[in-house]
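Everything below concerns the one structure shown next.
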Amino acid sequence: MELVRYEQRGAVAVITLDRPPVNALNSELIADIDAAVGRAEDDDVRAVVITGAPHFAAGADITGFQAAYESGGKERQATDLSDTVLRLEHLAKPTFAAVHGFALGGGLELAMGSDFRYLAETATVGQPEVKLGLIPGAGGTQRLARLVGPQRCKELCMSGRHIDAEEAHAIGLADKVVADDRLLEVTLADAEAFASGPTAAYAGVKRAVAEGFGRPIEVALEIEAKEFHHVFSSDDARIGVRAFLDKESPEFTGR
């Protein structure tokens, strides 16, 4: 992985995009992100932080689009990024995007694949593809609608406007807004807290929400019940129940 730095701090994997100056997403960077997310599937990793500085990712490298037009071939960057974001979203552990600077287009789509988005105070996000005569191609119209509602999603995708961290927080796109110089510190602290928790239960919540959202309530409740019974048999559930009865703090193993 030449364009991504991967490190493990205890049970937290930190994936840092490293394609200066703005982490524009090309095929090579997307492949490296995918490889890093694959490494984070390891059981020893119990939480993941994905970040980049001074910009998280300022969108796609448009030269790749032009090359597709000139060659008469299909544009693969959006498809590959969509697959990578889905892989991130499906990780059976908590994930955090720590967003510095710009997270635009594919950069915002990548951030939306995480469970939680923490934005620096000076961060700027948006889906500006319409200004190129395009639409988001890696989940932008779908995840954004689920996070902020379909009407706000249409407004953002059809105007292509950039929004600041405070507006992102106000509409539910950001979970926290943090001073720029403390962003990674705060994100890592929260990731470490989750990493010491019941990983199987977190995964169950993620699956229940993802699979039940938008379904008829009867179907959604069946999905939740299936996940409850699956998590009920985990080691961490036994540890948590016993600790509660013994009036002790649980020491979860992540299994």
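The values are calculated or read from the model by the stated rules, or taken from the named source; none is laboratory data. As the structure is a prediction and not an experimental result, all values here were calculated from the model. Note: ideal-geometry Cβ built from the backbone for every residue, glycine included; neighbour counts use all protein chains shown.
Residues of the range 180-218 that are over 30 Å from residue 101 (Cβ atoms), surrounded by 12 or more Cβ atoms within 10 Å (Cβ to Cβ) and β-branched (Val, Ile, Thr): 199, 205.
Before we move on, is residue 42 over 16 Å from the mean Cα position of the chain (by Cα) and closer than 28 Å to residue 200 by Cα? For residue 42, the condition - over 16 Å from the mean Cα position of the chain (by Cα) and closer than 28 Å to residue 200 by Cα - is met. All conditions but one from (1) farther than 19 Å from residue 137 by Cβ; (2) of a type outside the set (S, T, N, Q); (3) modelled with pLDDT of 95 or more apply to residue 56; the one that does not is (1). The set of residues in the range 141-181 that are part of a helix (DSSP H, G or I) and within 15 Å of residue 121 (Cα to Cα) comprises 165, 166, 167, 168, 169, 170, 180, 181. Counting only strands (runs of 3 or more DSSP E) that sit wholly inside the range 1-120, those with at least 3 residues that are in contact with a Leu (Cβ under 9 Å, 6 or more places away or on another chain) are 4-9, 12-17, 47-52, 95-99, 116-120. Pairs meeting the criteria (first residue in the range 146-167 and farther than 17 Å from residue 117 by Cα, second residue surrounded by fewer than 13 Cβ atoms within 10 Å (Cβ to Cβ), beta carbons under 6 Å, at least 6 apart or on different chains) are 160/131. On the stretch given as the range 160-177, residues that are of a type in the set (Gly, Ala, Ser) and either surrounded by 14 or more Cβ atoms within 10 Å (Cβ to Cβ) or touching a Cys at 6+ places or on another chain (Cβ under 9 Å) (or both) total 4. Residue pairs whose Cβ atoms lie under 8 Å apart, separated by 6 or more positions or on different chains, with the first residue in the range 194-223 and under 15 Å from residue 89 (Cα atoms) and the second basic (Lys, Arg) and in a helix (DSSP H, G or I), are 213/146. Meeting the requirement of 2 or more residues that are of a type in the set (Ser, Thr, Tyr), the helices (runs of 4 or more DSSP H) wholly within the range 189-255 are 199-212. Might you let me know whether the range 179-195 holds any residue that is over 17 Å from residue 49 (Cβ atoms), of a type in the set (Lys, Arg) and out of contact with any Phe, Trp or Tyr (no Cβ under 6 Å at 6 or more places or on another chain)? Within the range 179-195 (the criterion being over 17 Å from residue 49 (Cβ atoms), of a type in the set (Lys, Arg) and out of contact with any Phe, Trp or Tyr (no Cβ under 6 Å at 6 or more places or on another chain)), the answer is no, since none of the residues qualifies. Touching a helix residue (DSSP H, G or I) at 6+ places or on another chain (Cβ under 8 Å) and among the aliphatic types (A, V, I, L, M) - does that describe any residue in the range 181-189? No, the range 181-189 contains no residue that is touching a helix residue (DSSP H, G or I) at 6+ places or on another chain (Cβ under 8 Å) and among the aliphatic types (A, V, I, L, M).
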